[in-house]
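Here is the structure we will look at, set down as structure tokens.
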Amino acid sequence: MKYLPIITLDGPAGVGKSTLAKQVASILHIAYLDTGAMFRTLALRLGPDAAKLPDEELRERCRGFRFRLEGAGEKSVLLCNGEPVGDEIRTEEVGRLASRLATSPIVRDALKSAQRALGESTSLVAEGRDMGTVVFPAARFKFFLDARPEVRGLRRFRELEARGEKADLAQITEMIRQRDDMDRNRAVAPLKPAPDALIVDTSDLDVEGVLRVLVDAVAQPAERILEEVRCPQTSKAGERDAAFSHMGADGAIGMVDVGEKNVTRRVAIVRGAVEMNAHTLDLLKRHALPKGDVLVTAQVAGIMAAKRTAELIPLCHPVPLTYADVRFEVRDEPPAVLIEAETRTNDRTGVEMEAIIAAQTAAATIYDMCKAVQKDMIIRDVRLVYKSGGRTGTFRREDAGETSC
Ligand code: DC
């Protein structure tokens, strides 16, 4: 069974949800789901009189739409009946129609099922109005973005101007107010923050500022673990733990000068596992552990750690990573979380250390998140299973193991 984290981002029209949701999804290498685009697609294809259709007919028409998601981050693509949803849904008029159609319980029900089905097949940043309250109430990370209507009106106005479209600021702000009114006051799934959502007023923040708030909220637990990894405890006063004992008695150490080596594309994949008992695994799967969402935290920890490998391993070169990811598979028998870390670069030296650090930090984070309920978990079998690029070429471990993340 794959474990699939969900992050929800709700808020009113024009608050910048799409930009931010795409960026958060890119950072985490997971898919981005624009649920407004689903309502807009139905509004455009069913036409302005859809809400007046008899219930059964409307239900039947809704069944005719099949949604699918491809890709991740900024490259996520929403498909409806096999075709990518295009820019034709992005007009103010379609937005208004969508807002009206969104008051229909039949339409909402149909789209809720479609959205949940997408959330069951892939990890998501889901953006909309009722993601945290209705569609994904168990999501571990929930955000509600808000901003004053006049600020949102101005942002939308600038967006339209930049696209070379004619725009009237007062009219846009008024339309935003009307949409707010419809979205906040409808009877079914009105726009409102989930009780456990982090509310962020973006009126006086730029995109970078909001992004920092969101990523910090997801990454805080990961950062704490990293601090523990970076500053190992001393066992007696003044005496370090064994971490640096390989340096040798005379203290002669040296970094290899890789300046003459060729720049090549380099990839490393490392796997490992955290064995735990079935009870702990069950709590992890049900998001019921006291510190929160284990695998999202471990993924962020692993990616952040990969980027800091040169700070941790004394003679390791700093390498500009072009990609880092940590994936998981939950194994029921014997119970364990299987970890796979992948790092890539175009450089003169390999990225095996980065993948090892990513996998080990993810494993340590899993341990930290679960240790309140089990102390005797075992972190094991962290090993390089694949490496390519450089003078020594491709390495593939024969006993690469079962994970397949
Ligand atoms: O986010 P957007 O402007 O593209 O959404 C268009 C309309 O769709 C919005 O005014 C209300 C509706 N909507 C909704 O009711 N619930 C969602 N989860 C997403 C959008």
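Checked against (1) touching a Ser or Thr at 6+ places or on another chain (Cβ under 7 Å); (2) within 11 Å of the ligand (Cβ to nearest atom), VAL151 meets all criteria but (2). Restricting the first member to region 285-306 and to residues that are in contact (Cβ under 8 Å) with a residue 60 or more places away in the chain and outside any helix (DSSP H, G or I), and the second to residues that are open to solvent by less than 10 Å² (accessible area, probe 1.4 Å) and of a type in the set (Gly, Ala, Ser), no beta-carbon pair is closer than 7 Å while six or more apart or on different chains. Scanning region 307-324 for residues that are in contact (Cβ under 8 Å) with a residue 40 or more places away in the chain and touching a Ser or Thr at 6+ places or on another chain (Cβ under 8 Å) turns up just one, HIS317. Scanning region 253-268 for residues that are crowded, with 22+ Cβ neighbours inside 10 Å and of a type in the set (A, V, I, L, M) yields one hit, ALA268. Filtered by the rule that a residue be open to solvent by 90 Å² or more (accessible area, probe 1.4 Å) and either closer than 24 Å to VAL207 by Cβ or within 12 Å of the ligand (Cβ to nearest atom) (or both), region 163-177 gives ARG163, ARG177. Specify the residue that is nearest to ILE199 (Cα to Cα); the eligible residues are those in region 16-40 that are near the ligand (Cβ under 10 Å from one of its atoms) and polar (S, T, N, Q). Here the residue is SER18. Per the listing GLU161, GLU165, the residue uniquely part of a helix (DSSP H, G or I) and either under 22 Å from HIS29 (Cα atoms) or modelled with pLDDT under 95 (or both) is GLU161.
Out of curiosity, is ALA13 open to solvent by less than 20 Å² (accessible area, probe 1.4 Å), within 11 Å of the ligand (Cβ to nearest atom) and hydrophobic (A, V, I, L, M, F, W, C)? It is true that ALA13 is open to solvent by less than 20 Å² (accessible area, probe 1.4 Å), within 11 Å of the ligand (Cβ to nearest atom) and hydrophobic (A, V, I, L, M, F, W, C). Cβ separations smaller than 6 Å between residues 6+ apart or across chains give the following pairs from region 1-12 residues that are at pLDDT below 90 to residues that are part of a strand (DSSP E or B) and open to solvent by 10 Å² or more (accessible area, probe 1.4 Å): TYR3/PHE328. Would you please name the residue that is nearest to GLY209 (Cα to Cα), looking only at residues in region 42-53 that are in a helix (DSSP H, G or I), more than 10 Å from the ligand (Cβ to nearest atom) and modelled with pLDDT of 90 or more? Ranking the candidates gives LEU44 first.
The values are calculated or read from the model by the stated rules, or taken from the named source; none is laboratory data. These numbers come from a predicted model, not from an experiment. So basically every Cβ, Gly included, is an ideal-geometry build from the backbone, and we count neighbours across all protein chains shown. Surface areas here come from the heavy atoms of the whole protein model, side chains and all, with no ligands, DNA or RNA. Shrake-Rupley method; radii C 1.70, N 1.55, O 1.52, S 1.80 Å.
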